[in-house]
1. Stick to Cα atoms and the Kirkwood definition of Rh, then tell me Rg/Rh for the range 30-163.
2. Binning every alpha carbon pair distance of the chain at 10 Å from zero, what are the percents per bin?
3. What is the magnitude of the charge dipole of the chain about its Cα centre, with +1 placed on the Cβ of each Lys and Arg, -1 on the Cβ of each Asp and Glu, and no other charges, expressed in debye to the nearest 20?
4. Separation between the Val12 and Ala201 pseudo-spin-labels, each 7 Å from Cα along Cα→Cβ, expressed in nm?
5. Can I get the semi-axes of the range 154-277's equivalent ellipsoid? Compute them from the C-alpha gyration tensor as square roots of 5 times the eigenvalues, in angstrom, largest first.
6. Could you work out Rg/(2.2 N^0.38 Å) for the range 1-90, with Rg from alpha carbons only?
7. How much area per residue is accessible in the chain when the probe is 1.4 Å and only protein heavy atoms are counted (Å²)?
8. Report Asp252's accessible area, 1.4 Å probe, all protein chains in place, as a number in Å² to the nearest 10.
Amino acid sequence: MGAERSTDRSGVLSEVADGVYAYVQPDGSWCVNNAGLIVSEGRAVLVDTAATEARARRLRAAVVAQGRPVPYAVVNTHSHGDHTFGNFVFPEAVVHAHHETRREMAAAGLHLTEVWPDVEWGAVEVVLPQVTYQDDLTLHVGELTARLIHLEVAHSTNDTAVWVPERRVLFTGDVVMSGVTPFLPMGSVAGSLRAIERMRALGPDVVVSGHGVVGGTEVLDTTEAYLRWLQGLAREGVAAGLTPVDVARDADLGPFAGLLDAERIVPNLYRAFAEERGRTHGGALDMSAVILEMGTVFREMAAYLGAPPACHA
């Protein structure tokens, strides 16, 4: 079900605009995320790191190749370990994030390593953000600027988009994924749609999503279409007295059948059902409760898929 996965562990750093780079790790599935790099006048800022020690060290090698400077700042777009565990391989950098990102990172610790114990995580460690912000923060990178924008509740409770206005490049974090099914049981369907609207209004030419290939605004379009389809399934399911699992099992994925990690429809529908019933989700998460809940989520995704979700980090 869904597209085939690759076990290729190499990432590629490509210049997507003058001085702005995307580090894309195929195939963008579970814990195989993207990062970004902004370089100008001998200064550099890194957007997100990587899940495992080996992946993070390969990221560092790519970042500093060809005489590029070591980043003076790292931005974490949200708290999840695939975007933050590699912070420790950039000890020269000050880590920046939303204040809720820091709180959730501290509460979750290295729990992600327990979800897939067979992954070779290496000596990863949690390095918390040293600078946090509330709504908006601008980092100056030579002649370029990296604007950190809090997107409120979307993929998580603490998503940050990074906008480089001089190059019209947008780093979306996991609010948007390219060729990969969104994942938002800890966030909001409606909130993600609001976040996409805000990002679209910036007028980006290049969109670097949290997972998957680099694109343009069509990446926003696909994620938006999936989320609206999800809301429609939830509306019909609630009206018919069905459960999220019932609806997921019977749903025709249609144009979304080619997205990686189709099993995410199950937890996504739980969130969509909750919102259809009038429950909003905008506050801080109880991470101990989330950790327990995610065990159930992964069991239900495994039942939908016929096998546990595979992680090739």
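1. For the range 30-163, the value is 0.95.
2. Using 10 Å bins, I get a P(r) of 6, 29, 38, 21, 5, 1, 0 for the chain.
3. 260 debye
4. Each label point lies 7 Å from its Cα, and together they span 3.5 nm.
5. That gives 27, 14, 11 Å for the three semi-axes.
6. 1.06
7. 39 Å²
8. Surface open to solvent at Asp252 totals about 120 Å².
The values are calculated or read from the model by the stated rules, or taken from the named source; none is laboratory data. The model shown is predicted, which means the values in this text are computed figures rather than measured ones. Every residue, glycine as well, gets a Cβ built from its backbone with ideal geometry; the counts of neighbours run over all protein chains shown. These accessible areas exclude ligands, DNA and RNA; they are computed on the full protein's heavy atoms, side chains included. Shrake-Rupley method; radii C 1.70, N 1.55, O 1.52, S 1.80 Å.
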